[in-house]
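No value in this document is a laboratory result; all are computed from the given coordinates. Computed from a predicted structure; not experimentally measured. A quick note on method: Cβ atoms are made from the backbone with ideal geometry, for glycine too, and the neighbour counts reach across all protein chains shown.
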Amino acid sequence: MTPPAELVLASGNAGKLAELRALLGADRWRLRAQSDFGLAEVEETGLTFVENALLKARHAARATGLPALADDSGLCVDALGGAPGLHSARYGGGHGDAGRNIARLLHELDGVPDAARTARFYCVLVLLRAADDPQPIIAEGSWPGRILAAPRGTRGFGYDPVFFDPEHGCSAAELEPAIKNAASHRGRALAVLRQRLPELR
Ligand SMILES: O=c1nc[nH]c2c1ncn2[C@H]1C[C@H](O)[C@@H](COP(=O)(O)OP(=O)(O)OP(=O)(O)O)O1
Ligand SMILES: [Mg+2]
């Protein structure tokens, strides 16, 4: 039995690492956190989710010499013209401060009726087999829902407490991790990535 191949996750987000580890399974790939290598986060100067994910994957692959998987994702709210979108991590002013991000989102949506609070989580995954891989594998996934008036649930991370999943009738933060992974933008993107990379099947 060949040992699982090592893959560095080009992310500083513990919630993404946990979900991608669960989604990939430990038998075929050993997903290493970039923090294991003391890697600082790269500045996300891209104008699209794809560009940012490519930036992150290239940076981690170069620094570690390993194949790299990056995730750039965000919450796109229709009533806000798709915002916070690419800027989801810094929407509240800090970086990755879910409390401030949610507080600003609820403020911006104050008075907007339920029917007009539609949104979707969006995720782009990029896998590079090596830093100079000329054919990055790119996959995307989208999860439709709507924004609650107040947070519900304690599971997951980021905007999960205010993201209502109509299919399950609860917030993403009220879902068991395996159920969220089966429904989420990240789970859907990984399913597409698997189809494009035999080694992931
Ligand atoms: O399943 C999710 N459930 C809740 N919130 C989520 C999810 N997926 C992304 N998000 C939010 C978190 C962050 O505010 C932004 C991603 O920003 P994004 O730059 O891709 O991630 P990040 O800065 O947290 O870590 P990193 O860039 O190192 O991967 O969207
Ligand atoms: Mg980021």
Query raised in the report: Full extension from residue 178 to residue 79: what is 0.36 nm times the residue separation minus their Cα-Cα distance, to one decimal in nm?
Result: 32.7 nm
Query raised in the report: For the chain, what's the relative contact order in percent, using C-alpha pairs closer than 8 Å and at least 6 residues apart?
Result: 18 percent
**Report entry** Rg/Rh ratio calculated on Cα atoms of the chain (Kirkwood radius)
**Finding:** 0.97
Query raised in the report: Distance in nm between label sites at residue 132 and residue 97, each 7 Å beyond Cα in the beta-carbon direction?
Result: 4.3 nm
Query raised in the report: Extension gain residue 27-residue 62, at 0.36 nm per residue separation less the Cα-Cα distance, in nm?
Result: 10.1 nm
Report task. Could you rank the peptides 53-60, 92-99, 81-88 by their average count of other C-beta atoms within 10 Å per residue, with the highest value first? Result -> 53-60, 81-88, 92-99
Requested in this report: Determine, from the Cβ-Cβ distance of residue 191 and residue 6 and an R0 of 22 Å, the FRET efficiency 1/(1 + (r/R0)^6), rounded to the nearest 0.05.
Outcome: 0.50
Query - Stretchable slack from residue 150 to residue 48, in nm (0.36 nm times residue separation minus alpha-carbon distance) - result: 33.8 nm
Requested in this report: Could you state the angle between the C-alpha long axis of helix 98-108 and the longest principal axis of the C-alpha atoms of the chain, as a value from 0 to 90 degrees rounded to the nearest 10?
Outcome: 40 degrees
Report task. Calculate the length of the line joining the C-alpha centroid of region 92-144 to that of region 1-33, in whole Å. Result -> 21 Å
Requested in this report: Within 10 Å, count the other beta carbons around each residue, average over each peptide in 102-108, 6-12, and list them highest first.
Outcome: 6-12, 102-108
Query - Highest to lowest packing among 40-51, 20-31, scored as the average C-beta count within 10 Å - result: 20-31, 40-51
Query raised in the report: What angle do you read, to the nearest 10 degrees and between 0 and 90, between the alpha-carbon axis of helix 185-196 and the longest principal axis of the chain?
Result: 30 degrees
